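One structure below.
The values are calculated or read from the model by the stated rules, or taken from the named source; none is laboratory data. Everything quoted here is computed from the prediction, not taken from an experiment. Cβ atoms come from the backbone with ideal geometry, glycine included; neighbour counts cover every protein chain shown. Each accessible area value is taken on the protein alone, full model and side chains, heavy atoms only, with ligands, DNA and RNA left out. Shrake-Rupley method; radii C 1.70, N 1.55, O 1.52, S 1.80 Å.
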Amino acid sequence: MKVVREFSDHTCLERLQKNDTAAFDLLFDQHAPALCRFVHGYLKSHADAEEVVQDCFLKLWERRHEFDKGIVFKTYLYTSAYRAILKQLRRQRYWVFEDCDGEMLIEEGNPGKLVEYQELEQLYQLAVAQLPSRRRQIFSLSRQNGLSHAMIANELNISVKCVENQMTHALKFMKLYFQAHGVSLGLAFLVLSL
């Protein structure tokens, strides 16, 4: 039997911004099962997939007032899940040790990987530092804070097109910078994804 949805995602998001928990429940009921299957396809663990999905919806609730009217909810949700999958895969691959200065990542059974990680992180930070200040700010909001282009545009009071242009230039620069240092951009973002 096909379930007829009472409200569209857009309507639910509008209601969500007014702190309507029923709208949140509708979005969760509609999207959580498919999102859980998507995440499970990468993580191969029902418990981990459920945890990622719960985190995604928790972030949705926490950021409910930041969404603009043009957001494509499904895109936002799956992008958020994909970033969480990368974090989870990285956590599974590394032991995490806390020290007084922050977090050190050491690959299980191979402490020598710490040096590689630190070199890659340093290269990444040097590349980001070379971006023009506005481009660096937009890049950081996107890659390190996980904000969508629409959210960044709203926060910085600029157009989405401006954000897209700045991200295109930033990614092109990062790609060339990493290639010049013998590192693929994909590897750098996978290892350093936040």
Among the residues of segment 20-39, is there at least one that is part of a helix (DSSP H, G or I), touching a Lys or Arg at 6+ places or on another chain (Cβ under 7 Å), surrounded by 14 or more Cβ atoms within 10 Å (Cβ to Cβ) and not aliphatic (A, V, I, L, M)?
yes
Looking at Val160, is it closer than 29 Å to Phe67 by Cα and either open to solvent by 80 Å² or more (accessible area, probe 1.4 Å) or modelled with pLDDT of 85 or more (or both)?
yes
Residue match in segment 60-68 (condition: part of a helix (DSSP H, G or I) and surrounded by 16 or more Cβ atoms within 10 Å (Cβ to Cβ)):
yes
Sole miss for Ile71 among (1) open to solvent by less than 40 Å² (accessible area, probe 1.4 Å); (2) among the aliphatic types (A, V, I, L, M); (3) at pLDDT below 80; (4) not in a loop (DSSP other than H, G, I, E, B) is condition (4)
Given the options Tyr42, Tyr82, Tyr78, name the one that is more than 22 Å from Ser148 (Cα to Cα), modelled with pLDDT under 85, part of a helix (DSSP H, G or I) and open to solvent by 40 Å² or more (accessible area, probe 1.4 Å).
Tyr42
